[in-house]
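Any read-out appearing in this document is the output of simple, stated calculations on the displayed coordinates, not a laboratory observation. Bear in mind the structure is a predicted one, so any value in this text is a computation, not a measurement. Every residue, glycine among them, receives a Cβ derived from its backbone with ideal geometry; neighbour counts consider all protein chains shown.
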Amino acid sequence: MAVEPTSVTDVADGLREVGYLPGESTALVSYLAAKLGKPVLVEGPAGVGKTELAKALSRYLDRALVRLQCYEGLDEAKALYEWNYRKQLLRIQAEERGAGWESVQEDIFSEDFLLARPLMTAIASEEPVVLLIDEIDKTDQEFEAMLLELLSDFQISIPELGRIDATTQPVVVLTSNNSRELTEALKRRCLYLWLDYPEVEHELAIVRLHTPELSETVARKLVELVQQVRGLDLKKPPSIAESIDWARALLLLGADDIDADVFRETMSIIVKHRTDLDTVAERVGVKLSDVNAPL
Ligand SMILES: Nc1ncnc2c1ncn2[C@@H]1O[C@H](COP(=O)(O)OP(=O)(O)OP(=O)(O)O)[C@@H](O)[C@H]1O
Ligand SMILES: [Mg+2]
């Protein structure tokens, strides 16, 4: 049975129950999206829980997740629908000689010969789904224009077949890493959620949720260190995903403290650029080896 949220707190609790710890605006925007039927555009740096939010919404709302992973050059044939040429060809070959082209044509451009891609699957689904359009900034503006049409009318026009209207309305989550500015037209149609690196307590809760076996003292030190590292001017600051990886690694290694040695040996889990490694070793690692220096 699909879940119908009745308040913001409802959504916050629901997301928490399925393993996603939402910030205040995350719960609010998710609630509005479900109620107003508007798509949500989630932007923010890498690894802050954009994709996971859509997955968590699908678990919480008890709706199937339909995912469209965007990439450069993605076109309608891979996003919307495509004719199944092979099947059409077989159908034509199986036709007895002398049969009229008219009847064959009518047949091969029917729904039986259509391959539904994620966008069509989402709007044609009998049960309402969560539609995740992941990393929309990787596509071009033409694709965005096509998407706009779909997001405002929830219908698809197929020249040979006619119009396909949405039977149910999906909750739509679009994510972007900001690699290019999205069009105003797209933004206008969406609710907007900016996900940033979380505050210490929030990140600690997320890390502890993923690695409950790690002691709280180590987890707290880990989060404080990660936040310190983020404060440096790095090419690629560590994300929540990396904090979780680091916590898992420390757990495996049985580390009961993050001292200078442990830090040096494991910091490549959170810092992944040659120059960043040097900066971090110098600015954070050295501080750790000085027992008198405050963290
Ligand atoms: N609020 C949260 N509660 C629980 N887990 C979280 C939360 N935020 C992030 N995570 C965890 O952090 C990891 C990274 O999240 P996710 O893959 O969604 O990031 P992303 O923003 O989509 O990154 P990218 O831009 O690289 O695709 C996941 O393992 C996810 O479970
Ligand atoms: Mg993602």
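When every residue of the stretch 279-289 is checked against the conditions, none turns out to be within 30 Å of V18 (Cβ to Cβ), part of a helix (DSSP H, G or I), without any contact (Cβ under 8 Å) to a residue 40 or more places away in the chain and of a type in the set (G, A, S).
The residues of the stretch 181-202 that are surrounded by fewer than 18 Cβ atoms within 10 Å (Cβ to Cβ), in a helix (DSSP H, G or I) and either touching a residue at least 40 places away in the same chain (Cβ under 8 Å) or not charged (D, E, K, R) (or both), listed by number, are A185, K187, R189, V200, H202.
Contact annotation: residue pairs with Cβ atoms under 9 Å, 6 or more positions apart or on different chains, pairing a residue in the stretch 19-47 that is touching a residue at least 40 places away in the same chain (Cβ under 8 Å) with a partner that is of a type in the set (S, T, Y) and away from ligand 1 (no atom under 13 Å from the Cβ), are V29/Y192; V40/Y192; L41/Y192; V42/Y192; E43/Y192.
Which members of the stretch 121-136 meet the condition of being of a type in the set (A, V, I, L, M) and either within 16 Å of ligand 2 (Cβ to nearest atom) or surrounded by 22 or more Cβ atoms within 10 Å (Cβ to Cβ) (or both)? If the condition is that a residue be of a type in the set (A, V, I, L, M) and either within 16 Å of ligand 2 (Cβ to nearest atom) or surrounded by 22 or more Cβ atoms within 10 Å (Cβ to Cβ) (or both), then A122, I123, V129, V130, L131, L132, I133, I136 are the ones that fit. Restricting attention to the stretch 45-82 and to residues that are among the hydroxyl-bearing types (S, T, Y) and surrounded by 15 or more Cβ atoms within 10 Å (Cβ to Cβ), the residue that is nearest to the chain's Cα centre (by Cα) turns out to be T51. Checking each residue in the stretch 116-125 for being assigned to a helix (DSSP H, G or I) and of a type in the set (G, A, S) picks out A122, A124. Only residues that are surrounded by 17 or more Cβ atoms within 10 Å (Cβ to Cβ) and in contact with a His (Cβ under 9 Å, 6 or more places away or on another chain) were counted across the stretch 208-236, and they come to 1. Say we look at the stretch 170-199 and pick out the residues that are within 12 Å of ligand 2 (Cβ to nearest atom) and closer than 15 Å to K55 by Cβ; which of these is nearest to the chain's Cα centre (by Cα)? Among residues in the stretch 170-199 that are within 12 Å of ligand 2 (Cβ to nearest atom) and closer than 15 Å to K55 by Cβ, the one nearest to the chain's Cα centre (by Cα) is T175. Of all the residues in the stretch 126-139, those that are part of a loop (DSSP other than H, G, I, E, B) and over 16 Å from L186 (Cβ atoms) number 4.
Is it true that I258 is in contact with a Lys or Arg (Cβ under 6 Å, 6 or more places away or on another chain) and among the β-branched types (V, I, T)? Yes, satisfied. Looking only at residues in the stretch 7-29 that are under 25 Å from R180 (Cβ atoms) and buried (at least 16 other Cβ atoms within 10 Å of the Cβ), which one is nearest to ligand 2 (Cβ to nearest atom)? Residue satisfying both the conditions and the ranking: T26.
Going residue by residue through the stretch 83-97, is there one that turns out to be within 16 Å of ligand 1 (Cβ to nearest atom), buried (at least 16 other Cβ atoms within 10 Å of the Cβ) and either within 29 Å of L115 (Cβ to Cβ) or of a type outside the set (A, V, I, L, M) (or both)? No, that holds for no residue. Counting only helices (runs of 4 or more DSSP H) wholly contained in the stretch 203-277, the ones carrying 3 or more residues that are more than 24 Å from L15 (Cβ to Cβ) and either touching a residue at least 40 places away in the same chain (Cβ under 8 Å) or aromatic (F, W, Y) (or both) occupy 216-231. With respect to the conditions (1) under 22 Å from L41 (Cβ atoms); (2) more than 16 Å from ligand 1 (Cβ to nearest atom); (3) among the charged types (D, E, K, R), D233 falls short on a single one, namely (1).
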